[in-house]
Amino acid sequence: MTTEMTEYFCGLGLKKATILIGIFQSILSFISFVLCAAYAEHPHELLELADTSVIPEMHVLKTVLVILSIANALQCVFSIMIIFGALTNRPLLLLPWLILNPISLAVYILGTIAALVRHSNASHVAFFTGHLLIASIVSLIGGYNIFLVRNYYIYLKRLNF
């Protein structure tokens, strides 16, 4: 019964699911890369949109945006690699994605917990609830994506590719 669960995703096999995950994440990470790089160049535009009570110093914001740009560029490259890895049946091309994504998910969860702890007073109930809901959804989807790609990696390793 467990093999049936790991071999299909929405009626698709693991190979097609891995390709779809790669396509979707490469598009999202490219868009995020472009936005972070643009805001790193002109962070004052981002500050105009932010709440004045939570605005960090300019150099801190620039540093965070540059780090996010680099992480999104890596995510885009690794997502393209899992597309090619799935198409050519090369499990080693899946490995960088399988290393980066659990780390990214853990950093996201820790960052969300830190933000929730910081804003956990009674006046930020909507912030707390919204972040908790979004973080739960993102974590479940991200964890399931990692689960699928990992199972496809194990499947390819068993075939000795």
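The values are calculated or read from the model by the stated rules, or taken from the named source; none is laboratory data. Fair warning: this is a prediction, and the values are worked out from it, not measured in the lab. Cβ coordinates were reconstructed from backbone atoms using ideal geometry, including for glycine residues, and neighbour counts include every protein chain displayed.
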Flagged pairs (Cβ under 7 angstrom, 6 or more apart or on separate chains; first in the range 119-139, more than 21 Å from Leu105 (Cβ to Cβ) and small (Gly, Ala, Ser); second in a helix (DSSP H, G or I) and at pLDDT below 85) are Ser120/Phe128
Determine the pairs where a residue that is buried (at least 17 other Cβ atoms within 10 Å of the Cβ), located within the range 83-110, has a partner that is at pLDDT below 95 and outside any helix (DSSP H, G or I) with Cβ atoms under 8 Å apart, the partner being 6 or more residues away or on another chain. Pro91/Phe161
For the range 57-72, what are the residues that are of a type in the set (Val, Ile, Thr) and loosely packed, with under 12 Cβ neighbours inside 10 Å? Val60
Thr112 - would you say it is over 20 Å from Phe30 (Cα atoms), among the β-branched types (Val, Ile, Thr), in contact with a His (Cβ under 9 Å, 6 or more places away or on another chain) and in a helix (DSSP H, G or I)? yes
In the range 119-134, what residues are in a helix (DSSP H, G or I) and more than 23 Å from the chain's Cα centre (by Cα)? Ala122, Ser123, His124, Val125, Ala126
Quick one: what pairs do we get from the range 142-161, first residue touching a residue at least 60 places away in the same chain (Cβ under 8 Å), second surrounded by 18 or more Cβ atoms within 10 Å (Cβ to Cβ) and among the aromatic types (Phe, Trp, Tyr), C-beta under 8 Å, 6+ apart or different chains? Leu148/Phe9; Val149/Trp97
From the list Ile137, Ile82, Ile99, exactly one residue is within 15 Å of the chain's Cα centre (by Cα), closer than 22 Å to Gly13 by Cα and modelled with pLDDT of 90 or more. Which is it? Ile82
Pick out, from the range 1-57, the helices (runs of 4 or more DSSP H) lying fully within it that include 2 or more residues that are in contact with a Phe, Trp or Tyr (Cβ under 7 Å, 6 or more places away or on another chain) and modelled with pLDDT of 65 or more. 14-41, 43-49
